[in-house]
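What follows is a set of notes on a single structure, which appears directly below.
The values are calculated or read from the model by the stated rules, or taken from the named source; none is laboratory data. Fair warning: this is a prediction, and the values are worked out from it, not measured in the lab. Here the Cβ positions follow ideal geometry from the backbone for every residue, glycine too, while neighbour counts run over all protein chains shown.
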């Protein structure tokens, strides 16, 4: 032990402990900033021009997967995704719901969106193989 460096009751160098605390604080701030950026990306999600539904759904779910579990309530998930869809895609989703998506419970709406994505992927792969719809 260096007699010139104050030690705490656990025998740790106070300067080392302060550096460690500062590093931990910076890591927490970085994680908080990263989570904030991710929440913004989710809230401002937009379907890209010409993007198949299943690709938009996958891209949206990849964003959600980066967040801790239960960060987003199902209502927020559905609303964020649906709001970012083009008006034509929104009409298709509402048609698949047998009304409007707003008439469905959030969990049911989320399941419907997943089924639409599965159907979109099957149709897209079928067309790419030269099939007819």
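Has the range 17-40 got at least one residue that is surrounded by 10 or more Cβ atoms within 10 Å (Cβ to Cβ), modelled with pLDDT under 95, under 30 Å from residue 92 (Cα atoms) and in contact with a helix residue (DSSP H, G or I) (Cβ under 8 Å, 6 or more places away or on another chain)?
Taking every residue of the range 17-40 in turn, at least one turns out to be surrounded by 10 or more Cβ atoms within 10 Å (Cβ to Cβ), modelled with pLDDT under 95, under 30 Å from residue 92 (Cα atoms) and in contact with a helix residue (DSSP H, G or I) (Cβ under 8 Å, 6 or more places away or on another chain).
Can you find a residue that is under 13 Å from residue 81 (Cα atoms), loosely packed, with under 10 Cβ neighbours inside 10 Å and either at pLDDT 80 or above or touching a strand residue (DSSP E or B) at 6+ places or on another chain (Cβ under 6 Å) (or both) anywhere in the range 49-61?
No, the conditions are met nowhere in the range 49-61.
Could you tell me whether the range 84-97 includes any residue that is closer than 30 Å to residue 33 by Cβ, at pLDDT 95 or above and crowded, with 16+ Cβ neighbours inside 10 Å?
yes
So which residues in the range 67-82 are exposed (fewer than 13 other Cβ atoms within 10 Å of the Cβ) and either touching a residue at least 12 places away in the same chain (Cβ under 8 Å) or on the phi < 0 side of the Ramachandran plot (or both), if there are any at all?
Within the range 67-82, 68, 69, 73 meet the criteria.
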